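Report on the structure given below.
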Amino acid sequence: MKVERLDHIHIYVKDHEKAVKRFEQLLGVEFEILTEEVGQQGIDLKDAYSTIGIDILQALSPEHPIAKAIERSGEGLTGGVSFKVPDIEVGIAHFQSKGMTLLGRIEMGGIKEAWFHPKDAHNVLIELCEYDAENALEASRQKQP
């Protein structure tokens, strides 16, 4: 399997608006605000993404895996990292062959993502993503075929 690059990081927060405003002030970037329903969890969350690769997430339910991660570890880089790969199916198969547990996957616009359990990678949630666009935000805006 080939990793093309570190694509983006996930920051889990309790107050989405406050975090977005703070990172916009600190970094001089704008975030696109999204509210989406995530795959198998079926529970809404708030999502803001910047073109420089920061993804800020807030769960809207205490039962959401993000809320539980914040409860265990606090806010911050609890969310893990995302790596861009040329073929997500090859990446998933490779990770599973190395003992990584697949937590879930989603397709949104022109991006495919798969998440792996932090317990299998020194408490780091790893996400693989595949897309054909300038960045993950642009890919998520593409219409699915």
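Of all lysines in the structure, the ones whose alpha carbon falls short of 23 Å from that of Lys21, not counting any fewer than 8 places away in one chain, are Lys46. For the residue pairs Lys18/Lys112; Lys2/Lys68; Lys84/Lys143, the C-alpha atoms sit more than 26 angstrom apart in Lys18/Lys112; Lys2/Lys68.
Extending 7 Å from Cα along the Cβ direction at His122 and again at Arg141 yields two label points whose distance is 3.6 nm. Stretched out straight at 0.36 nm per residue, the stretch from His94 to Ile33 would grow longer than its current Cα-Cα span by 18.7 nm.
Estimated from helical segments only, the mean residue ellipticity of the chain at 222 nm is -7500 deg cm²/dmol, where each DSSP H run of four or more residues counts as -39500 (n - 2.57).
The longest part of the chain holding none of the exposed loop GluC sites (Glu not before Pro), meaning those outside H, G, I, E and B in DSSP with at most 15 other Cβ atoms within 10 Å, is 76-133. With R₀ set to 22 Å, the beta-carbon distance separating Gln25 from Leu77 gives a calculated FRET efficiency near 0.70. For the range 5-141, averaging the sequence separation of C-alpha pairs within contact (under 8 Å, six or more residues apart) and dividing by the residue count gives a relative contact order of 24 percent. Taking 37 °C and 0.692 mPa s as conditions, the range 39-137 diffuses translationally at an estimated 230 µm²/s according to Stokes-Einstein applied to its Kirkwood radius (Cα pairs).
Work from the charge dipole of the range 5-141 (Cβ charges, +1 for Lys and Arg, -1 for Asp and Glu, about the Cα centre) and give the residue of Ile33, Phe95, Leu137 farthest towards its positive end. Farthest towards the positive pole: Phe95.
Each value in this text was obtained by applying a stated rule to the coordinates, not by laboratory testing. Computed from a prediction, not measured in an experiment: that's the story for all the values here. Glycine also receives a Cβ, built like all others from the backbone with ideal geometry; neighbour counts cover every protein chain displayed.
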